Amino acid sequence: MVTEARPIRGLRSKRARRLSIPEFGPYMFFGMHAPLAILMWQVPIIASIHAGIVFVTGLFLAVSRRSPAYMAGIACYIAGSEVMWRLSQAPGLPWEFAEYSITVLLSIYLIWNGRLRKGMLPLAYIALLTPAAIYTLFGVSGSRAHAFLAFDMSGPIALAVCCWFFYNVRLTRASLLRALRCLIAPTLGLATILVVNLATSTHIDFGKASNFAASAGYGPNEVSGAMGLGVTVAFMYALQDVRQLSIRVVLFTCSIGMAALSAITFSRTGLYLSALSITSGVVFMANGFRNMLKVVLVGAVAVGVSVFIVLPILDSFTQGALVKRFEQSGVTHRDVLALDDVNTFLQHPLFGVGVGLSTKEHFRSQRGAAEESHTEPTRDLAEHGLLGVSALIILLVITVRNIRSANGVENRSLTVAWLVWAWLYMCVSAMRTVAPGVLFGLSCAAVLPNEPAPAATDDLVTAAALEA
């Protein structure tokens with residue numbers, strides 16, 4: 001006896017999904033972060049509460065044996081929220097809270113769920129950096145040692161744990177896109193703060209350097225970098241084969257808006273990083289006539305809107321200072337600090353001078369200007385010696401391996417974009433935020449097709465219905 005299979009809730013054909021009414025969940029998720037961000041900015045304790053809720057939620061998901069997609073979303077959300085929390089001056093929140101929380105939550109998930117089979121490379125990377133940390137721990141007074149280790153080691157440890165996590169889990173393409181939305185939402189919240197700050201400021205003096213006033217009183221380099229992160233992720237998301245055209249248009253528009261806000265800080269970091277990483281990603285996407293046509297059309301529209309609409313408005317708003325700022329070709333003292341690091345490495349080639357102690361060498365060479373390194377590779381040389389060289393080689397091996405193992409044109413383009421952004425950020429801003437570590441981790445993810453065969457899914461009811 002043959003019975004007619006009843007439609008099961010949640011099971012729809014591809015044609016039905018294409019013709020369905022757009023889901024409003026992503027728009028509500030993005031939209032709620034605008035008032036939330038303003039509230040955190042005006043009432044800093046709300047930022048602390050928000051960070052605490054995010055951590056507790058991540059802890060619950062880590063021990064409840066949920067899909068790794070949830071933890072990927074939590075990691076991306078924390079990375080997108082970090083600069084917003086710092087800008088809000090959340091009371092009681094450690095400066096490296098994002099690095100600490102991602103390291104703890106992802107480690108708990110892997111250990112609790114027994115996903116420890118892969119990840120020797122990232123673990124070897126952090127092991128090579130450990131001896132210099134031990135030297136600082138025992139060779140420097142307590143409070144200073146803690147400050148050095150927190151500032152310079154929390155980022156590399158978070159990067160290693162992110163790679164370790166994503167090597168041991170698999171994500172569907174839909175889960176990956178949801179995780180990216182979790183990163184985009186808080187960056188849009190930060191963008192809202194910047195817009196309100198510009199609208200309510202009575203006077204902003206735009207000169208020839210990075211502008212704290214246009215960055216809502218916080219570091220322009222980090223704000224610009226966060227906006228550049230949002231631009232990169234939103235733009236690459238919009239280029240993916242997403243069924244809802246509306247969300248692609250929204251994210252494309254948001255990416256242009258965040259690029260404008262990055263430029264208005266007068267820190268060039270965000271725009272340069274996003275431009276180079278997106279360009280690198282789309283080069284790998286332009287495979288075949290259809291993809292090439294999509295890339296060319298989207299690129300033409302983006303360049304046209306930016307050059308002929310956004311740029312004139314911004315240059316007029318800054319009274320011509322914006323173009324002059326971006327015409328400058330200097331690297332704002334980063335080259336001098338990097339050269340100091342290389343010289344320190346040549347003087348201490350075996351084990352370096354210890355974590356955080358490259359600052360003392362900068363103090364000596366710059367005659368009293370004790371500045372932290374802005375370039376992570378040269379800092380590794382100065383502070384870790386030949387072990388730092390080995391650690392950098394491991395990162396390069398991970399980079400090549402991830403690009404070669406990425407399956408499909410779209411996944412490879414995302415992998416390249418994430419890795420280029422992470423490397424460039426580390427070269428100009430070291431690991432001042434957790435974002436490069438999270439993107440490095442995302443490049444390690446094994447991404448599966450959206451809809452695996454029914455028999456291979458966990459939904460046995462669906463599989464039985466299709467077999468009926």
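The values are calculated or read from the model by the stated rules, or taken from the named source; none is laboratory data. Everything numeric in this text was worked out from a predicted model, so none of it was measured. When we count neighbours, we look across all protein chains shown, and the Cβ atoms used for this are built from the backbone with ideal geometry, even at glycine. All accessible areas refer to the heavy atoms of the entire protein, side chains included, with ligands and DNA or RNA removed. Shrake-Rupley method; radii C 1.70, N 1.55, O 1.52, S 1.80 Å.
Out of all the residues in region 92-114, which are open to solvent by 60 Å² or more (accessible area, probe 1.4 Å), in a loop (DSSP other than H, G, I, E, B) and farther than 16 Å from Val54 by Cβ?
Trp95
Among (1) in a helix (DSSP H, G or I); (2) out of contact with any helix residue (DSSP H, G or I) (no Cβ under 8 Å at 6 or more places or on another chain); (3) open to solvent by 50 Å² or more (accessible area, probe 1.4 Å), which single condition is Gly304 missing?
Result: Gly304 fails condition (3) only.
Mind checking whether some residue in region 118-139 is crowded, with 21+ Cβ neighbours inside 10 Å and among the aromatic types (Phe, Trp, Tyr)?
yes
Assess whether Met71 counts as being in contact with a His (Cβ under 9 Å, 6 or more places away or on another chain), in a helix (DSSP H, G or I) and surrounded by 23 or more Cβ atoms within 10 Å (Cβ to Cβ).
no
Looking only at region 276-299, decide whether some residue is hydrophobic (A, V, I, L, M, F, W, C), open to solvent by 30 Å² or more (accessible area, probe 1.4 Å) and outside any helix (DSSP H, G or I).
yes
Quick check on this structure: which one of Ala185, Ala191, Ala214, Ala150 is more than 24 Å from Leu271 (Cα to Cα), part of a helix (DSSP H, G or I) and touching a residue at least 24 places away in the same chain (Cβ under 8 Å)?
Being more than 24 Å from Leu271 (Cα to Cα), part of a helix (DSSP H, G or I) and touching a residue at least 24 places away in the same chain (Cβ under 8 Å) holds for just one of Ala185, Ala191, Ala214, Ala150, which is Ala150.
If you check Ser429, Ser443, which single one turns out to be in contact with a Ser or Thr (Cβ under 6 Å, 6 or more places away or on another chain) and closer than 29 Å to Val223 by Cβ?
Ser443
For Pro7, only one of the following conditions fails: (1) surrounded by fewer than 12 Cβ atoms within 10 Å (Cβ to Cβ); (2) modelled with pLDDT of 95 or more. What is its number?
In the conditions (1) surrounded by fewer than 12 Cβ atoms within 10 Å (Cβ to Cβ); (2) modelled with pLDDT of 95 or more, Pro7 misses (2) alone.
Can we say Tyr237 is crowded, with 21+ Cβ neighbours inside 10 Å, modelled with pLDDT of 90 or more and not in a helix (DSSP H, G or I)?
Answer is no for this residue.
Can you name the helices (runs of 4 or more DSSP H) wholly within region 313-427 that have at least 2 residues being under 24 Å from the mean Cα position of the chain (by Cα)?
334-347, 376-405
For the structure I just gave you, tell me whether Ser373 is open to solvent by 30 Å² or more (accessible area, probe 1.4 Å) and among the hydroxyl-bearing types (Ser, Thr, Tyr).
When the stated conditions are applied, Ser373 does not pass them.
Might you let me know whether region 62-83 holds any residue that is among the basic types (Lys, Arg), modelled with pLDDT under 85 and out of contact with any Asp or Glu (no Cβ under 6 Å at 6 or more places or on another chain)?
Yes.
Taking region 194-210, which residues are farther than 16 Å from Leu87 by Cβ and part of a loop (DSSP other than H, G, I, E, B)?
Passing the criteria: Thr202, His203, Ile204, Asp205, Phe206, Gly207, Lys208, Ala209.
From the list Thr253, Thr265, Thr279, Thr232, which one is in contact with a Phe, Trp or Tyr (Cβ under 7 Å, 6 or more places away or on another chain), at pLDDT 90 or above and either under 21 Å from Thr433 (Cα atoms) or among the β-branched types (Val, Ile, Thr) (or both)?
Thr232
Within region 153-182, can you find the residues that are in a helix (DSSP H, G or I), open to solvent by less than 10 Å² (accessible area, probe 1.4 Å) and among the aliphatic types (A, V, I, L, M)?
If the condition is that a residue be in a helix (DSSP H, G or I), open to solvent by less than 10 Å² (accessible area, probe 1.4 Å) and among the aliphatic types (A, V, I, L, M), then Ala158, Leu159, Ala160, Leu176, Ala179, Leu180 are the ones that fit.
Here is a yes/no grid of residues against (1) open to solvent by less than 60 Å² (accessible area, probe 1.4 Å); (2) under 20 Å from Cys163 (Cα atoms); (3) of a type in the set (A, V, I, L, M):
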position: Met32; (1), (2), (3): no, no, yes
position: Pro35; (1), (2), (3): no, no, no
position: Gln42; (1), (2), (3): no, no, no
position: Ala51; (1), (2), (3): yes, no, yes
position: Phe60; (1), (2), (3): no, no, no
position: Tyr77; (1), (2), (3): yes, yes, no
